[in-house]
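Novice: So that we are looking at the same thing, I have put the structure below in structure tokens.
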Amino acid sequence: MSEDPKQTANAMWGGRFEAGPDAIMQAINASIGFDKRLYAQDIAGSRAHAAMLAATGIVDNSDAEAIRNGLAEILTEIEAGDFPFSVALEDIHMNVEARLKDKIGTPAGRLHTARSRNDQVATDFRLWVRDQCDAAIEGLRALIGALLVQAEAGADWVMPGFTHLQTAQPVTWGHHMMAYVEMLGRDLSRFRDARTRMNECPLGSAALAGTSFPIDRHMTAAALGFDRPTANSLDAVSDRDFALEFLAASAICATHLSRLSEELVIWSSAQFRFVAMSDKWSTGSSIMPQKRNPDAAELIRAKIGRILGATVALFTVMKGLPLAYSKDMQEDKEQVFDAADTLMLALAAMTGMISDLGVNRANLEAAAASGFSTATDLADWLVRAAGLPFRDAHHVTGTLVAQAEAKGCDLPDLTLEDMQAVHPAITAEVFGVLGVQNSVASRQSYGGTAPDQVRAQIARWKEILG
């Protein structure tokens, strides 16, 4: 005869409750549908806890060994897809503990000595988020590496630089790629910083006040790869800053990916034709056979909505909670799980797109020379060579731009006589600064677009990545 799930749940809660949960209460209370993703972290934490209980003499070595062996068997069952998850047992912690009792009997009941589900879930979740920080760091390193390859190939390819999506000044393809390297580099540092800050172990904080058992929290912290145990038990069980930091870093990173996606969408259009997406990252149209749609870029562009939504959701859950643990905090995981999955997918897809991206150098250069992109170079020359104050040089240059616009030509196509009619100090030397190649080569300030400056930044980032 099968066991009544109400009685099973009641037994896990303890003797204070005479009746099991109503079906609706069970549905709203249970988290096993999503927190089973924490199984590896839960089992690792329990194994470390059991070893510590034995080392401190709180449980017998034989019982601790049975617990650790039983937990190893449960891990194998879950990974094989053979584990009987039960909604009646609410969460991953109770499911594992109940299964352990099935396997080893009475010693299983000793595992929960000197801990609570409060510090258990705080530890499990922190371990999981720490793993996601590591995954994000590796994903970012891969994407930065792909951008460095693009930057190195096009360190001296000229293209238009834009402000307000209007042609501004010529830059190099390499310089543009390196702008995203800098953005993603900041993301890399944010995930690293967050990981360092979260690397403290809540295990042993128990429900909220610590425990009277002579536990060794430094032992369990070290066993789980933490730098140290948390210093305040109230804070430890109620803290979700680590998840909020992960979400915030993910949202900023997703914003950067969205910006790059938007540029890829624009650049791959028929009106720009700066780049071509490979077939692996494009789709066709059901009705228009000529279409090559940048769907992967568009989807990455949209992912920020999910990640930012998750961030706002968890901030909203946490904003008014008194110390210490409240059941509201069960709503902390689904958003983080989804955001992490979304970010890792977006990073992998963007890395693939950048690695396979075809760049049309000729179209980049043709566009760089249009739209009076060297007007600032002309103004700078008037300051340097003719001695004009910059504001006067700006006015002269604007007049020449208007004249070229009226003639339907670009600045280098004006004659010297045309230019001298606007200001007599202009000489034939000015044509040496009006070419886009000369323009980018002159931007030698640190962090500028000159090819040798771009190559210096590429070398710096190669050294950073190791």
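The values are calculated or read from the model by the stated rules, or taken from the named source; none is laboratory data. Predicted model only: the values in this text are computed from it and were never measured. Please note: Cβ atoms are built from the backbone with ideal geometry, for glycine as well, and neighbour counts cover all protein chains shown. Ligands, DNA and RNA are excluded from the accessible area calculation, which covers all protein heavy atoms including side chains. Shrake-Rupley method; radii C 1.70, N 1.55, O 1.52, S 1.80 Å.
Novice: Among the candidates Asp241, Asp216, Asp193, single out the residue that is of a type outside the set (A, V, I, L, M), more than 27 Å from Ala135 (Cα to Cα) and open to solvent by 30 Å² or more (accessible area, probe 1.4 Å).
Specialist: That would be Asp216, the only listed residue that is of a type outside the set (A, V, I, L, M), more than 27 Å from Ala135 (Cα to Cα) and open to solvent by 30 Å² or more (accessible area, probe 1.4 Å).
Novice: Now, a different point. On the basis of being among the polar types (S, T, N, Q), more than 30 Å from Ile426 (Cα to Cα) and open to solvent by 40 Å² or more (accessible area, probe 1.4 Å), does Ser282 make the cut?
Specialist: No; evaluated as a whole, the condition is false for this residue.
Novice: Name the residues in segment 417-466 that are among the aromatic types (Phe, Trp, Tyr) and either under 13 Å from Ala385 (Cβ atoms) or open to solvent by less than 60 Å² (accessible area, probe 1.4 Å) (or both), would you?
Specialist: Hits for segment 417-466 are Phe431, Trp461.
Novice: Taking into account only those residues within segment 351-372 that are at pLDDT 90 or above and outside any helix (DSSP H, G or I), which is surrounded by the fewest Cβ atoms within 10 Å (Cβ to Cβ)?
Specialist: Checked segment 351-372; the qualifying residue surrounded by the fewest Cβ atoms within 10 Å (Cβ to Cβ) is Gly358.
Novice: Can you pull out the residues in segment 256-274 that are within 24 Å of Leu343 (Cβ to Cβ) and open to solvent by less than 60 Å² (accessible area, probe 1.4 Å)?
Specialist: His256, Leu257, Ser258, Leu260, Ser261, Glu263, Leu264, Val265, Ile266, Trp267, Ser268
Novice: If you check every pair at least six apart or on different chains, which have Cβ atoms under 8 Å apart with a residue in segment 74-89 that is assigned by the TED database to the domain that holds Ala40 first and a residue that is open to solvent by less than 30 Å² (accessible area, probe 1.4 Å) and among the hydroxyl-bearing types (Ser, Thr, Tyr) second?
Specialist: Close Cβ pairs (under 8 Å, with a partner that is open to solvent by less than 30 Å² (accessible area, probe 1.4 Å) and among the hydroxyl-bearing types (Ser, Thr, Tyr)) amount to Ser86/Thr8; Ala88/Thr8; Leu89/Thr8.
Novice: Among the listed residues Ala425, Ala441, Ala456, Ala402, which satisfies the condition of being at pLDDT 85 or above, in a helix (DSSP H, G or I) and over 30 Å from Ala142 (Cα atoms)?
Specialist: Ala402
Novice: Any idea which residue in segment 302-345 is modelled with the lowest pLDDT, counting only those that are open to solvent by less than 30 Å² (accessible area, probe 1.4 Å) and not aliphatic (A, V, I, L, M)?
Specialist: Gln330
Novice: Sticking with this structure for a sec: The conditions are (1) outside the structural domain of Gln166 (by the TED database); (2) open to solvent by 40 Å² or more (accessible area, probe 1.4 Å), and Ala375 fails exactly one of them. Which is it?
Specialist: Of the numbered conditions (1) outside the structural domain of Gln166 (by the TED database); (2) open to solvent by 40 Å² or more (accessible area, probe 1.4 Å), the odd one out for Ala375 is (2).
Novice: Something else now. Would you check if Ala348 is free of Cβ contacts under 8 Å to residues at least 40 places away in the same chain, of a type outside the set (D, E, K, R) and surrounded by fewer than 16 Cβ atoms within 10 Å (Cβ to Cβ)?
Specialist: In short, no.
Novice: Answer yes if at least one residue in segment 284-301 is under 16 Å from Leu244 (Cβ atoms), at pLDDT below 95 and not in a loop (DSSP other than H, G, I, E, B), and no otherwise.
Specialist: Within segment 284-301, not a single residue is under 16 Å from Leu244 (Cβ atoms), at pLDDT below 95 and not in a loop (DSSP other than H, G, I, E, B).
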